[in-house]
1. Does Tyr461 qualify as being of a type in the set (Ser, Thr, Tyr) and under 23 Å from Val339 (Cβ atoms)?
2. Which members of the stretch 137-148 meet the condition of being closer than 24 Å to Leu60 by Cβ and either buried (at least 23 other Cβ atoms within 10 Å of the Cβ) or over 20 Å from the mean Cα position of the chain (by Cα) (or both)?
3. Restricting to the stretch 102-112, count the residues that are buried (at least 24 other Cβ atoms within 10 Å of the Cβ), within 17 Å of the chain's Cα centre (by Cα) and not aromatic (Phe, Trp, Tyr).
4. Taking the condition closer than 30 Å to Lys605 by Cα, of a type in the set (D, E, K, R) and part of a helix (DSSP H, G or I), does Lys88 pass?
5. Quick one: in the stretch 1-25, of everything that is surrounded by fewer than 17 Cβ atoms within 10 Å (Cβ to Cβ) and in a loop (DSSP other than H, G, I, E, B), which residue is modelled with the lowest pLDDT?
6. Every residue in the stretch 459-485 that is within 18 Å of Leu379 (Cα to Cα) and either part of a loop (DSSP other than H, G, I, E, B) or free of Cβ contacts under 8 Å to residues at least 12 places away in the same chain (or both), please.
7. Determine, yes or no, whether Val513 is in a strand (DSSP E or B), within 22 Å of Lys548 (Cβ to Cβ) and in the same structural domain as Glu543 (by TED's automatic domain parsing).
8. Looking at Gly86, Gly43 in this structure, which one is within 25 Å of the chain's Cα centre (by Cα) and assigned by TED's automatic domain parsing to the domain that holds Leu136?
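The values are calculated or read from the model by the stated rules, or taken from the named source; none is laboratory data. All of these numbers come straight from a predicted model, not from anything done at the bench. Every residue, glycine among them, receives a Cβ derived from its backbone with ideal geometry; neighbour counts consider all protein chains shown.
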Amino acid sequence: MKDYTVLNRINDYRDLKNLSPEELETLVREIRDYIIDITSKKGGHIGPSLGVVELTVALLKVFDPEIDRIVWDIGHQAYSWKILTGRKEQFKTLREYGGISGFLKREESRYDHFGAGHSSTSISASLGMRKGKDILKKDGWTVAVIGDGAMTAGQAFEGLNHAGWLDPDKFIVILNDNQMSISPNVGALYTYFNRIITNEVFQKSRQKMKDVIKKVFGESGAKIARKFEEYLKGLFTPGVIFEELGFTYVGTIDGHNLAELEKTLENVKKMRGPIIIHVLTQKGKGYQPAEENPTPFHGISPFDKITGTPIKKLNAPPSWSKVFGKALVELAEMDDKIVAITPAMMEGSGLTEFAKKFPDRFFDVGIAEQHAATFSAGLSAEGLKPVLSYYSTFLQRGYDQVIHDIALQNLPVVIAIDRAGLVGEDGPTHHGVYDISFLRAIPNIIISAPKDRQELRNLLYTGIKSGKVFAVRYPRGSAFGDREVGFEEIPIGSWEVLSEGKEVVILATGKYVSRALEVKKELKKYGVNPTVVNARFIRPMDEKLLEKLLKSHQFVITMEDGALNGGFGSAVAEFIVDGRYTNELLRFGIPDRFIPHGKISQLEKDLGLLPDQMVERIREFIKKPDYKAAG
């Protein structure tokens, strides 16, 4: 490791207790430098993690993760946690295939008390741990650390509401506020009032007063006293909503004042009931490019450490997200009823330009995937044409609303599904491999996947014009093709024969259409000449063409970047069985297991999905391994 004067001496969190205040400040700076150094090479969620270094150190000084449970919401803010809980050297392998995850993961460390790649689960999980400890009479505190963005999700408030009702002791929620979205700037008055609130004498007097009032005046008197206390605190603090939910509010705290954080946590451990601590932090703290431009540094690919500029391939094609965003802007210019909705993924989904051009027709609803779906249904019910943009992995959270609020009522909503298929280094919590399977079971829905950027434009156009529930799924990364001109309506359910052959037919969908053509080229060297079909509609399928192909080809190959269970290949298999056809079927896709993190090419190699691997499996499948190269 680099010559870090303090960090090199830290093997795990226990070593923190031996450091002087000066050494702790040095450690904080060195942890930030280490995170910047590694993420500049590996990519990752640098901004959130740089903002909570002091908070992480304070938590590990005040609590013991051997017996206490610290639950980090999402986990992408927990790089410091990994470094200080025995993974300092492993941190060099961040997000690498076979290395440590970019999120917290229970299998990775006993100190990762709850794994998550989706937001807003920490309060519910830590409350469950709290009650589990109570039932089993186990020692220890439970602490949930949740970001202000995650507080926009309904599940966070469901957890808060239940915790307020249960009124557990030794239960803390830390609100990491790095966008100033809840409270005004911290000042001397806040700091002073917070010290009063957490002071042990104040807390004992407060509880004693409550007990006396309750004894003399009964429950009604205690409630009046509580209301009066909340009123007084509401004059000085932004935490009335949390007090109303049954929490004692402590805040706001400077999240970069290590001594203040440590003292606050120590004082809070002397308090009773559920407690919420409001901590103010700066996203990207300690790295100027991330401080000045925090949005791209929330999650970023490898970048130049000096300038902060992402390292990109020269002359790289546009991403699928950008192709989608550009097309939607063009369509919205032609039709003022088109509106766009996204749950906190404006930049990632390619909607930045749409938001600038049509601010009154763009809705970022925050991390609220369920609300996004139902809100879109409401827009549709009034005659607008909503385009609802999700990452595939986040669409899972709005599944009931897609069924109940959109499809059941047959309300026209176009669902643009970004990051479909394997996504690479973000791993199993973010791979978008289940959307075909869970959407295919829903009546009234159309599912499509483009083979290239022009077909993405055409399918988006078709979906908006269709007046139906219409899903368009496309992968992460650079888009295929070189044409982006105009729009053409595609007959719903139609497939496209790209290359005629005989005996073997390859039915490919989405990004695997280009792979099918690669496979055909290689198979022809062995005397095998398959027909290649662009199965751009997964639901409904082109049943007339499929029936014709089944009658003229004995061997059927399906290729998809989704789960095999219930996926496109399953749909073809069902058609074959239901029609009592005798064709032999080979399916390529994602098997029935969670796929780890790593470069997509490495993951596809492990799954046997690279072109040369497919060629060998197909040759073996059709029992013609000894075909000689043609010509």
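1. Yes.
2. Lys138, Asp139, Gly140, Trp141, Thr142, Val143, Ala144, Val145, Ile146, Gly147
3. Adding up the residues that qualify gives 2.
4. So Lys88 fails the test.
5. The residue in question is Met1.
6. Across the stretch 459-485, the qualifying residues are Gly467, Lys468.
7. Spelling it out, it is not the case that Val513 is in a strand (DSSP E or B), within 22 Å of Lys548 (Cβ to Cβ) and in the same structural domain as Glu543 (by TED's automatic domain parsing).
8. Gly43
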